[in-house]
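Chemist: Below are the structure tokens for one structure; questions will follow.
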């Protein structure tokens, strides 16, 4: 007598042929080595993304877009809706942790040179997702329509507008007009809940599919070791259970942060108020913000900020294209230059972020 | 032989013609689809009442060494009263990255909190990243009332 479960399994198997998939998953292994700890950051980022989708949908049930409604609706969520403060705080904290873990994930992949052939597509989709994550952060930041967000959006979109030729139309497109108004809020809301999630999901699908097809990258120095001597662990259930345990820890950490350090709402945006002293962008934009402070207004005939944007844009592009200019790593040779660039970038980001934080 | 060569030449001509006709049709079709979308993305110009002059208030309402943000249509204007009691008005939008500036009594300057841009009380950019001076507005005092208007 078959149990209900086997009947159900057989019913599905006959139709979608689960056998192959299960065999594939049973053969999936994760390399074990002294760098294994970094393998977990991709999974944690994925978990945080899932939390953002769930809490984001919950916030949508009460959030209202619009100059006269946005700030008030968040006030309502935080003061009237049961556990509204918790959901909103978790959404804000997770956004920040997500960018942090995605950056750690990105730097670990960079220093391990895991982007090398044949994993270029995985790297590029990952970088695009990181840029989208910054877009999520920037657009989501405006949605409460508070003072800090208002000026952050003015500055951010004005920077985009400083780019030669294409800048101005992009700025008008982002703002929904010449100035940051309710029209900007409507557009950012649309980007935040429809455009960006759609793009992100497609990229995430490709990214995860590539990881499944190719398996985890092994450290470069183990390239010449025979496969039989390499340590590894089965993905099911050994690695997955470790993953889930870490996810549980991260969820607890989020709960602690959200309860003991609830996210502030601040003052409602006012187009006729001065920018408040001590205004700062979110920490992940701080190093760029701080750099802009140091670039003089005019360098030769070029506006300082234009130079800054073009330099950051170029740096980001080169960073994303690293698998295509680091031929050495793809051939299995050491490339110290890539390490020096990476160390410089990390120090640059950390030092300018710290300066931006304390000044 | 001759007619064969002529045939294939004619066929190639026909193929080229089809390529151009279909390719051109595809481009035209794409343009017909994309043009309305891009046009839709571009926000329409809102009809705004052109503000040329606003009443800022009475002279006695503004202390010496103070700065106040005044609505000028949909733009913020900072009205400064200096130590001598004279009034000056500037568009309060920082020429650097669009933040709204403020008067700082302790510095005796106009200051932008976003990137530490500084202007003197004549609106000239004196320190930090601003590339240009603030746009100046005209202040006219009629009796007790202060009027701010755009410079011609």
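Every number in this text was worked out from the coordinates using simple rules, so none of it is lab data. The shown structure was predicted, so the numbers you read here are calculated from the model rather than taken from an experiment. Positions of Cβ are generated from backbone atoms using ideal geometry, with glycine treated the same way; all protein chains shown enter the neighbour counts.
Chemist: For helix B:2-41, what angle does its Cα long axis make with the longest principal axis of chain B, in degrees from 0 to 90 and rounded to 10?
Modeler: The helix B:2-41 is inclined about 20 degrees to chain B.
Chemist: Between residue B:61 and residue B:39, what is 0.36 nm times their sequence separation minus the Cα-Cα distance? Round to one decimal in nm.
Modeler: Result for the pair: 3.1 nm of gain on full extension.
Chemist: Expressed as a rounded percentage, what relative contact order does chain A have, with Cα pairs under 8 Å and six or more residues apart?
Modeler: Rounded, it is 26 percent for chain A.
Chemist: Ok, one more. Helix A:336-358: angle to the longest alpha-carbon principal axis of chain A, degrees 0 to 90, nearest 10?
Modeler: With both axes taken from Cα atoms, the answer is about 40 degrees.
Chemist: Shape call for segment B:1-44 from the C-alpha gyration tensor, a ≥ b ≥ c root eigenvalues: rounded (a/c under 1.5), prolate (a/b greater than b/c) or oblate?
Modeler: Prolate is the answer for segment B:1-44, as a/c is 1.5 or above and a/b outweighs b/c.
Chemist: Shifting gears a bit: Based on other C-beta atoms within 10 Å, arrange A:355, A:77, A:249 from fewest to most.
Modeler: On the way: A:355 15, A:77 22, A:249 11.
So the ranking, lowest neighbour count to highest, is A:249, A:355, A:77.
Chemist: Could I have the simple spin-label model distance between residue A:14 and residue A:32, label points 7 Å from Cα toward Cβ, reported in nm to one decimal?
Modeler: 4.2 nm
Chemist: Given just the C-alpha atoms of segment A:311-350, how large is their convex hull per residue in cubic angstrom?
Modeler: Numbers: hull volume 2.5 nm³, N = 40.
Once divided by residue count, the hull of segment A:311-350 is 64 Å³.
Chemist: Let me ask another. Sort B:138, B:81 by Cβ crowding within 10 Å, fewest neighbours at the top.
Modeler: B:138, B:81
Chemist: Cα axis of helix A:84-112 to longest principal axis of chain A: angle in degrees, 0 to 90, nearest 10?
Modeler: 60 degrees
Chemist: Answer rounded, prolate or oblate for the protein assembly as shown, using the Cα gyration tensor with square roots of eigenvalues a ≥ b ≥ c: rounded when a/c is under 1.5, else prolate when a/b is larger than b/c, else oblate. Display every interim value, and only then the final one.
Modeler: Working: a/c = 1.94, a/b = 1.55, b/c = 1.25.
The shape class here is prolate.
Chemist: So what is the 222 nm mean residue ellipticity for the protein assembly as shown from helices alone, if each DSSP H run of at least 4 adds -39500 (n - 2.57) and you divide by all residues, rounding to the nearest 500 deg cm²/dmol?
Modeler: -18500 deg cm²/dmol
Chemist: Also: Take every Cα pair under 8 Å in segment B:53-150 that's 6+ residues apart, average their separations, divide by the length, and report that relative contact order as a whole percent.
Modeler: Rounded, it is 27 percent for segment B:53-150.
Chemist: Moving on. Quick one: grab Rg to one decimal and Dmax as a whole number for chain B, Cα atoms only, in Å.
Modeler: Every Cα atom of chain B included, Rg and Dmax give 30.4, 105 Å.
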